[in-house]
Amino acid sequence: MDAEPRPIPQARPAGTPRALTPIAFVGAIVEAYARRGKSPLRALRLAQIAPESLADPASRISAAQMECISAAAMQELDDEALGWFSRRLPWGSYGMLARASLSAGNLGVALKRWCRHHGLIADDIDLELSVSGETATLSISERNELGSLREFCLVSVLRNIHGLACWLVDSRIPLHGARFPFSAPAHSEVYRVLFSGPTEFDCAPAGIRFDAHYLALPLRRDEAALNQMLQRALPLTVLQYRRDRLLPTRVRQLLAAQDGQTRSAADLADLLHISARTLHRQLKEKGISLQALKDELRQQRARDLLLRTARPIKQVAQAVGFQNEKSFIRAFRTWVGQSPGEFRLAARN
């Protein structure tokens with residue numbers, strides 16, 4: 001991505017990292033070499049990928065190997081798009097796009113800039129950011145035939161922009177799902193790793209969906225951070241951020257949508273496309289617990305019901321998820337320093 005060629009990362013010894021990346025993506029890189037009349041053998045050797053493995057559709061490589069062969073190919077072909085488009089994207093093209101987005105006031109503006117500027121350097125596809133309700137969608141419209149590199153192109157572009165978005169706001173951005181206009185490939189099970197949330201095939205246009213609230217987050221990176229990131233930008237497309245800056249907000253929204261009914265950690269984690277253990281850990285990193293969020297929502301709803309309705313205390317207790325009136329009164333006194341009856345009476349006087 002940067003203007004100056006950087007050292008090609010070395011792949012770790014075969015068998016050390018998890019091998020999840022389909023060999024089909026390596027085949028697409030090899031095809032890009034063939035189109036330029038160049039040999040991919042040096043890049044394969046650097047990445048410790050045996051040429052004969054290309055003939056086995058079930059073969060997989062690690063993220064480190066994919067990073068290594070991609071970096072080598074980008075430099076040797078002088079094309080950061082690896083042959084996807086009708087014209088090359090010379091070394092530094094994507095770094096230029098990132099730099100142009102860095103001064104944006106929030107993620108939404110940054111992504112719109114990226115989409116607009118991408119069209120200036122690669123007119124085979126159009127990128128668009130759209131919002132419908134609380135869902136944001138980054139979609140790709142194909143203006144020209146992408147041929148046999150189509151899957152590799154669409155997957156890579158979406159992984160790239162998703163990784164950049166996470167980096168810009170220093171937050172994991174969980175996806176609601178991804179969609180692609182081609183049939184499910186033989187390695188379709190890998191898409192569960194490439195994209196969080198469900199993946200749909202035979203659905204046009206290609207795109208990813210996520211919570212639109214992330215678009216309002218301010219950027220947390222500066223020029224120095226960008227220069228450092230560009231030294232090894234490729235991992236952005238294969239590594240996910242552990243931190244989710246909007247997680248407490250998203251949990252609150254899910255809890256509030258239940259109108260006082262309880263949700264288990266497993267239920268919430270499933271809706272957020274993470275494990276229950278990850279949910280508890282990320283909330284702890286934010287200095288809050290799931291029980292605290294539940295109590296916060298219960299307290300707010302109890303206050304509203306006590307102030308805006310004439311429901312008996314027992315009914316209010318049931319409405320906010322307490323099985324008996326005594327436990328509700330005890331909890332409410334802990335929250336606000338008054339019993340529910342005293343709170344209601346004081347508010348009316």
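Computed quantities for the displayed model
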{"item": "From the options ARG252, ARG303, ARG232, residue that is at pLDDT 85 or above and among the charged types (D, E, K, R)", "result": "ARG303"}
{"item": "Residue check for ILE329: surrounded by 13 or more Cβ atoms within 10 Å (Cβ to Cβ), at pLDDT 90 or above and under 20 Å from GLN291 (Cβ atoms)", "result": "yes"}
{"item": "Among (1) at pLDDT below 95; (2) at negative phi; (3) outside any strand (DSSP E or B); (4) of a type outside the set (Phe, Trp, Tyr), the one test that VAL30 misses", "result": "(1)"}
{"item": "Failed criterion for ARG159 (all others in (1) modelled with pLDDT under 95; (2) surrounded by fewer than 16 Cβ atoms within 10 Å (Cβ to Cβ); (3) within 23 Å of GLY27 (Cβ to Cβ) hold)", "result": "(2)"}
{"item": "In segment 105-116, the residues that are modelled with pLDDT of 95 or more and of a type outside the set (S, T, N, Q)", "result": "LEU107, GLY108, VAL109, ALA110, LEU111, LYS112, ARG113, TRP114, CYS115, ARG116"}
{"item": "Of all residues making up segment 154-200, the number that are more than 21 Å from GLU142 (Cα to Cα) and basic (Lys, Arg)", "result": "2"}
{"item": "So SER53, is it hydroxyl-bearing (Ser, Thr, Tyr), in contact with a helix residue (DSSP H, G or I) (Cβ under 7 Å, 6 or more places away or on another chain), in the same structural domain as LEU226 (by TED's automatic domain parsing) and surrounded by fewer than 21 Cβ atoms within 10 Å (Cβ to Cβ)", "result": "yes"}
{"item": "Residue check for LEU120: assigned to a helix (DSSP H, G or I), hydrophobic (A, V, I, L, M, F, W, C), without any contact (Cβ under 8 Å) to a residue 12 or more places away in the chain and out of contact with any Leu (no Cβ under 6 Å at 6 or more places or on another chain)", "result": "yes"}
{"item": "Candidates GLN318, GLN300, GLN338, GLN323 - the one that is assigned by TED's automatic domain parsing to the domain that holds ALA257, part of a loop (DSSP other than H, G, I, E, B), free of Cβ contacts under 8 Å to residues at least 24 places away in the same chain and under 24 Å from ALA257 (Cβ atoms)", "result": "GLN323"}
{"item": "Matching strands (runs of 3 or more DSSP E) fully within segment 123-221 where at least 3 residues are under 13 Å from the mean Cα position of the chain (by Cα)", "result": "135-142, 175-179, 206-211"}
{"item": "Neighbours by Cβ (under 6 Å, 6+ apart or cross-chain): first from segment 33-48, under 16 Å from GLU67 (Cβ atoms); second of a type in the set (Gly, Ala, Ser)", "result": "ALA43/ALA72; ALA43/ALA73; LEU46/ALA72; ALA47/ALA11; GLN48/ALA11; GLN48/ALA14"}
{"item": "Subset of segment 282-292 (residues that are surrounded by fewer than 18 Cβ atoms within 10 Å (Cβ to Cβ) and in contact (Cβ under 8 Å) with a residue 24 or more places away in the chain)", "result": "GLU285, LYS286, ILE288"}
{"item": "Residues satisfying the stated conditions in segment 56-84, i.e. outside any helix (DSSP H, G or I), out of contact with any Cys (no Cβ under 6 Å at 6 or more places or on another chain) and either surrounded by 20 or more Cβ atoms within 10 Å (Cβ to Cβ) or outside the structural domain of ILE125 (by TED's automatic domain parsing) (or both)", "result": "ILE61, SER62, ASP79, GLU80, ALA81, LEU82, GLY83"}
{"item": "In segment 116-133, residue surrounded by the fewest Cβ atoms within 10 Å (Cβ to Cβ) [restricted to those that are out of contact with any Ser or Thr (no Cβ under 6 Å at 6 or more places or on another chain) and among the aliphatic types (A, V, I, L, M)]", "result": "LEU120"}
{"item": "Residue check for ARG311: in a loop (DSSP other than H, G, I, E, B) and either crowded, with 18+ Cβ neighbours inside 10 Å or touching a Lys or Arg at 6+ places or on another chain (Cβ under 9 Å) (or both)", "result": "no"}
{"item": "Among residues of segment 33-50, those that are of a type in the set (S, T, N, Q) and either under 28 Å from LEU97 (Cα atoms) or outside the structural domain of VAL155 (by TED's automatic domain parsing) (or both), counted", "result": "0"}
{"item": "From the options ALA104, ALA136, ALA165, residue that is farther than 29 Å from LEU268 by Cβ, touching a residue at least 12 places away in the same chain (Cβ under 8 Å) and either exposed (fewer than 15 other Cβ atoms within 10 Å of the Cβ) or of a type in the set (A, V, I, L, M) (or both)", "result": "ALA104"}
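The values are calculated or read from the model by the stated rules, or taken from the named source; none is laboratory data. Given the structure is predicted, the values throughout are model-derived calculations rather than measurements. Counting neighbours? That spans all protein chains shown, and the Cβs are built from the backbone with ideal geometry, glycine included.
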